[in-house]
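Visitor: Here's a structure for you.
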Amino acid sequence: MEDTDRNESEEHDYEQEIEKSTVSDETHQEKHNGSAKTTADPFYVRLLFTPLDFVSMAFLSITLVPIRMVAAFIALTLAWAVSCIGLTNIDQTVPVSGWRKPLQWISCFLGRICCRCCGFSVTITGTQVPKSVAPVLVVAPHSSFFDALAIFWTGLPFIVNREENKNLLFIGKCVQFAQAIFVSRERKESREECKEEIKRRVNSKQPWEQFLIFPEGTTSNRKALMSFKPGGFLPGKPVQPVLIRYHLKHDTVSWTWDQPHGFIACFMYTMFQLRNKVELEFLPPYEPSEPEQKDPVLFASNVRREMSDALGVPLCDMSFEDIKNKYSKKKEQ
């Protein structure tokens, strides 16, 4: 009985924490949208399929999905081969050029094929500006590994990726050839080196691609916008916000903290859908003020507000560390 009471108390505390994290935004939302309040848990995902949904997925699993998987495997293998060739004697301190550049374009095209093989149909709203106007693309909300499709539809900009992904089978070479900056979250030295490299590339006169970042640093179910990390705002340059909107009957793409299904189920449920509509919306570039140029935290906060308004969702101020600690405790119980 004591354990049950304690669990109920901790669940109540968690709900209060979520509510508190959106309090400041509720006032903000009321000013813009009347009385748009929400206490939805941004990390909770449950899939409720109907019998008809299961019939549809079973049918697709023996008809369309095998074709998709073979095509995706071929595209991924070709992208890996192209990347291996491009990485031969490459100097990663300078942007890709010469004969390697067409290979990057091929790799990007093959990445799009892989996404289409997962059933994604991508539409573009707004216009992506060139690097000379906004060298940084800020993409949110971040809810899934499928969000990587934004990389292929924005022309293969360089990104920040986890050090452990560097040697992933097939994908690791592709990410390396896209000239990602690899970082270890556990090592402070690595995080500092990453920040300096971001500033160096963004401020460089060399023809680096745009820098694309998912500033939330964690995933949610898109019902709130998480805190933005300041890394992409450190250079103090104009950024272009990019919104990811999934138009789905069932949220099969979200891969976050509180859901009973894992990576494989998330991937397969998405593959089993006939069509997965996703929209990339390019908002107007955000030109930082002088105070924002000097304060990346302020810069990030203001861009986050603007994206929150455009999405029509509240803010959640829990950091990655807060979320990790909270769910680590719940799993230990």
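Visitor: Give me Rg/Rg_expected for the range 73-130, where Rg uses Cα atoms only and Rg_expected = 2.2 N^0.38 Å with N residues.
Guide: 1.35
Visitor: Turning to a different aspect of this structure: At a 1.4 Å probe radius, which order do Glu186, Glu216, Glu164, Glu306 fall into by accessible area, largest first? Before the final figure, lay out the partial values.
Guide: Details: Glu186 140, Glu216 5, Glu164 105, Glu306 70 Å².
Greatest to least solvent exposure: Glu186, Glu164, Glu306, Glu216.
Visitor: Now for a different question. For the chain, what is the relative contact order in percent, using Cα pairs closer than 8 Å and at least 6 residues apart in sequence?
Guide: 25
Visitor: Moving on to the next point. Hey, what number do you get for the chain at 222 nm if only DSSP H runs of n ≥ 4 count, each worth -39500 (n - 2.57), divided across all residues, to the nearest 500?
Guide: -15000 deg cm²/dmol
Visitor: So if R0 is 25 Å, what FRET efficiency would Asn89 and Glu279 give, r being the distance between their Cβ atoms, rounded to the nearest 0.05?
Guide: According to the calculation, E is roughly 0.05.
Visitor: If you don't mind, there's one more thing I want to ask. Mean shadow of the range 121-222, computed from the convex hull of its alpha carbons, in nm²?
Guide: That works out to 7.5 nm², a quarter of the Cα hull's surface.
Visitor: Stick to Cα atoms and the Kirkwood definition of Rh, then tell me Rg/Rh for the chain.
Guide: Value, to two decimals: 0.97.
Visitor: As an exercise, find the ratio Rg/Rh for the range 156-293 from alpha-carbon atoms, using the Kirkwood inverse-distance average for Rh.
Guide: Result: Rg/Rh = 0.98.
Visitor: Label 7 Å along Cα→Cβ of Phe54; the range 245-270 residues with amide nitrogen under 16 Å?
Guide: 269
Visitor: Please report, in Å, the Rg and the Dmax of the range 251-302, where both are computed over Cα atoms only.
Guide: When restricted to the Cα atoms of the range 251-302, Rg and Dmax are 18.4, 49 Å.
Visitor: Let me ask something else. Report, for the chain, the % of DSSP beta bridges that are antiparallel, rounded to 5.
Guide: Roughly 25 percent of the DSSP beta bridges within the chain come out antiparallel.
Visitor: If you average 1/r over all unlike Cα pairs in the range 219-329 and invert the result, what Kirkwood radius do you get in angstrom?
Guide: Taking every pair of different Cα atoms in the range 219-329, averaging 1/r and inverting gives 16.0 Å.
Visitor: Using the eigenvalues of the Cα gyration tensor, what equivalent ellipsoid semi-axes result for the range 62-169 when each is taken as the square root of five times the eigenvalue, whole Å, largest first?
Guide: With the √(5λ) rule applied to the range 62-169, the semi-axes are 24, 21, 14 Å.
Visitor: Another question about this same structure. Considering only Cα-Cα distances, which of the following residue pairs are longer than 21 Å: Lys166/Lys326; Lys229/Lys324; Lys223/Lys324; Lys131/Lys205?
Guide: Beyond 21 Å: Lys166/Lys326.
Visitor: Below 8 Å, C-alpha to C-alpha, sequence gap of six or more: please give me the relative contact order for the range 119-249 in percent.
Guide: Dividing the mean separation by the residue count of the range 119-249 yields 41 percent.
Visitor: Related question: Mind giving me the nanometre distance, one decimal, between the label points for Ile74 and Leu168, set 7 Å out from Cα along Cα→Cβ?
Guide: Between Ile74 and Leu168, the label points sit 2.4 nm apart.
The values are calculated or read from the model by the stated rules, or taken from the named source; none is laboratory data. Note that the coordinates shown come from a computational prediction; the quantities given were computed from them, not determined experimentally. Neighbour counts run over all protein chains shown; Cβ positions are idealised from the backbone, glycine included. With ligands, DNA and RNA removed, areas are computed over all heavy atoms of the protein, side chains included. Shrake-Rupley method; radii C 1.70, N 1.55, O 1.52, S 1.80 Å.
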